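The values are calculated or read from the model by the stated rules, or taken from the named source; none is laboratory data. Remember, it's a predicted structure, so these values are computed and weren't measured experimentally. Neighbour counts are summed over all protein chains in view; Cβ atoms, including those assigned to glycine, are modelled from backbone coordinates with ideal geometry.
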Amino acid sequence: MTLEHVALWTDDLEKQKMYYCRFFDGKSNSLYHNPQTGFRSYFLTFEGGARLEIMQKTDIPPNLNDRKTKQHLGLIHLAFGAASKDEVDGKAKELLDEGFEILRGPRTTGDGYYEFETLDPDGNRIEVTFKG
């Protein structure tokens, strides 16, 4: 079996789409809109076939988790694999230069990954990793 996709609710569909397409080379389908329910979504496809569905609907309540400083049960991050340490460093610099905070790293973890952590525009935790 394969993991088909992961989905995220957002208040700003276009901003999230731009972020994942620009910084992580996601390829977007056309906007899906159901006028009866107000539901809108995009599927973003990444190298290797992984997909992320970003969704918007007006009656979705806000997430009350403090995603920046606290961990919680459930889905906690999305991880993107890089081809080298230099690519990890370059992506960290690119995001930092664009005003995105780097929470931790780049660093080598105890299990041998070279990685950094950041947040997407909605505060979802993102890791960029390389395993040499």
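Points worth noting:
- Of the residues making up segment 14-48, those that are surrounded by 13 or more Cβ atoms within 10 Å (Cβ to Cβ), of a type outside the set (Phe, Trp, Tyr) and within 20 Å of Gly99 (Cβ to Cβ) are Glu14, Lys15, Gln16, Lys17, Met18, Cys21, Gly26.
- Residue among Ser30, Ser41 that is at pLDDT 95 or above, more than 22 Å from Phe116 (Cβ to Cβ) and part of a loop (DSSP other than H, G, I, E, B): Ser30
- Test for Arg51: is it surrounded by 11 or more Cβ atoms within 10 Å (Cβ to Cβ) and touching an Asp or Glu at 6+ places or on another chain (Cβ under 6 Å): no
- Restricting attention to segment 95-128, the residues that are touching a helix residue (DSSP H, G or I) at 6+ places or on another chain (Cβ under 7 Å), touching a residue at least 24 places away in the same chain (Cβ under 8 Å) and surrounded by fewer than 19 Cβ atoms within 10 Å (Cβ to Cβ) total 2.
- So Leu73, is it closer than 23 Å to Asp12 by Cα and either of a type in the set (A, V, I, L, M, F, W, C) or modelled with pLDDT of 95 or more (or both): no
Every residue, every condition in (1) closer than 19 Å to Ile126 by Cβ; (2) in contact with a Leu (Cβ under 7 Å, 6 or more places away or on another chain), yes or no:
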{"site": "Val6", "(1), (2)": "yes, yes"}
{"site": "Thr10", "(1), (2)": "yes, no"}
{"site": "Cys21", "(1), (2)": "yes, yes"}
{"site": "Asn29", "(1), (2)": "no, no"}
{"site": "Gln36", "(1), (2)": "no, no"}
{"site": "Glu47", "(1), (2)": "yes, no"}
{"site": "Lys57", "(1), (2)": "no, no"}
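- Within the option set Ile54, Ile60, being part of a loop (DSSP other than H, G, I, E, B) and in contact (Cβ under 8 Å) with a residue 12 or more places away in the chain holds for one residue only, Ile60.
- Residues that are in contact with a Lys or Arg (Cβ under 8 Å, 6 or more places away or on another chain) and not in a strand (DSSP E or B) were ranked within segment 102-121; the one that is farthest from Gly74 (Cα to Cα) is Gly112.
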